[in-house]
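Please read the structure below before turning to the comments.
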Amino acid sequence: MSDNNNYTDNFNLYQAYSYTLLLQIEATSFSYAVVNETNLLVSAQNCDLQELVQPMALNDLLSATYKKVIIGMPASGLTLIPNSLFREEHVSGFARFLDVKDNDKVFAQNLDDVNAIIYKTNDYLVSLVEKFGLKNTVYTAKGWIKAIEKSIPQNNNLYLDISTGRVQFLYFALNTLRFYNSFEFKSDDELAYFTTFVTEELNLKPQFITLVISGDVIPGDKNLARLASFYPKIELNSMKILELPGQMASHKFLALAALSLCGSSEVV
């Protein structure tokens, strides 16, 4: 796990009513940012979930009243449904394909102009954010997907976002979402395996594609080094959603910052 990447600049709790709070929840940690329009005011990554249970260091920040709150929720299972087939009354039926357990809660929302997503997440994680309003939750990758789509992605780009033990894959063809999925991995070999699985599924040749990577990676780390042995073209995603200080690597912050592009969700 990387360091917390803490950042603070001109953050005034007394003006929280004009700010947006972004929360990105993961299985064992969370990240947050407070933004004023496109300006980053304060942020930290890989924070202890206990701060959401009983805030100590973040008590003032998390208890403030914000203009808007957007919460990215992880999924332990998901399925995409064409918007043309999606009906709220059918969500429970689709959710049966996710093997929903008693300790799961199911969410449904539009993912983009073409697809809806139905996903389950652990009820404990949901309980941590209920005080912020479940109507403010979105699927954790929704902003990242929207940001990539707005960038007019090239047909030969495969996008990856890597966090601790999880990788997400995104592919567009003719600016239309063709593939999205996420996988848990435990080693650089497993990361390479899932990347190969996805490229073969999409009939993409390693020598002709570029892996565009964001998330918890640094140049030369073992994950990137392992991928480079199979894929000669790898780039760190330099897209900026918010104005960031020079010392903050935009690729590490992309998925969290992109939550600012999202609206609200539905829970069933």
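Available extension along the chain between Asp113 and Asp221 is 35.3 nm, counting 0.36 nm per residue and deducting the alpha carbon span. Beta bridges from DSSP with both residues in the chain: antiparallel share about 70 percent, rounded to the nearest 5. Accessible surface area normalised per residue over the stretch 152-268 is 48 Å², counting heavy atoms of protein chains with a 1.4 Å rolling probe. Quick check on the chain: take the gyration tensor over C-alpha atoms, sort the square-rooted eigenvalues as a ≥ b ≥ c, and tell me if it's rounded (a/c under 1.5), prolate or oblate. Verdict is oblate for the chain. Taking the chain as a Gaussian network, where each spring joins two C-alpha atoms under 10 Å apart, which residue of Asp113, Asp102, Asp48 fluctuates the most? Result for the chain, Cα springs under 10 Å: Asp102 fluctuates most. Can you return the aspartates and glutamates within cross-link range of Lys233? Criterion is Cα-Cα under 20 Å, with same-chain partners fewer than 8 residues away left out. Hits, sequence-local ones excluded: Asp161, Asp188, Asp189, Glu190, Glu200, Glu201, Asp216, Asp221. At an R0 of 45 angstrom, the distance between the Cβ atoms of Asn59 and Lys233 translates into a FRET efficiency of 0.45. Name the shape class, rounded, prolate or oblate, that the alpha-carbon gyration tensor gives for the stretch 33-184, where a ≥ b ≥ c are the square roots of its eigenvalues, rounded holds for a/c under 1.5, and otherwise prolate holds if a/b is larger than b/c and oblate otherwise. It comes out oblate by the Cα gyration axes. Among the listed pairs Lys131/Lys252; Lys68/Lys146; Lys68/Lys101; Lys105/Lys146; Lys101/Lys150, those whose Cα-Cα separation exceeds 26 Å are Lys131/Lys252; Lys68/Lys101; Lys101/Lys150. Working note: Cα gyration tensor of the stretch 151-239, eigenvalues times five, square-rooted, sorted largest first, giving semi-axes of 19, 14, 13 Å. For the pair Glu243 and Ser92, a Förster radius of 35 Å applied to the C-beta separation gives a FRET efficiency near 0.25, rounded to the nearest 0.05. Within the listed set Asn110, Asn46, Asn203, the residue fluctuating most in the Gaussian network model of the chain (springs between alpha-carbon atoms under 10 angstrom) is Asn203.
Each label point was placed 7 Å from the Cα along the Cα-to-Cβ direction; for Lys67 and Gln207 their separation is 5.2 nm.
In a fully extended conformation the segment linking Phe183 and Thr196 would gain 3.4 nm over its present Cα-Cα distance, using 0.36 nm per residue.
The values are calculated or read from the model by the stated rules, or taken from the named source; none is laboratory data. Since the model is a prediction, treat every value here as computed from it, not as a measurement. Counting neighbours? That spans all protein chains shown, and the Cβs are built from the backbone with ideal geometry, glycine included. For the accessible areas, the whole protein counts, side chains as well, though only heavy atoms, and no ligand, DNA or RNA atoms are used. Shrake-Rupley method; radii C 1.70, N 1.55, O 1.52, S 1.80 Å.
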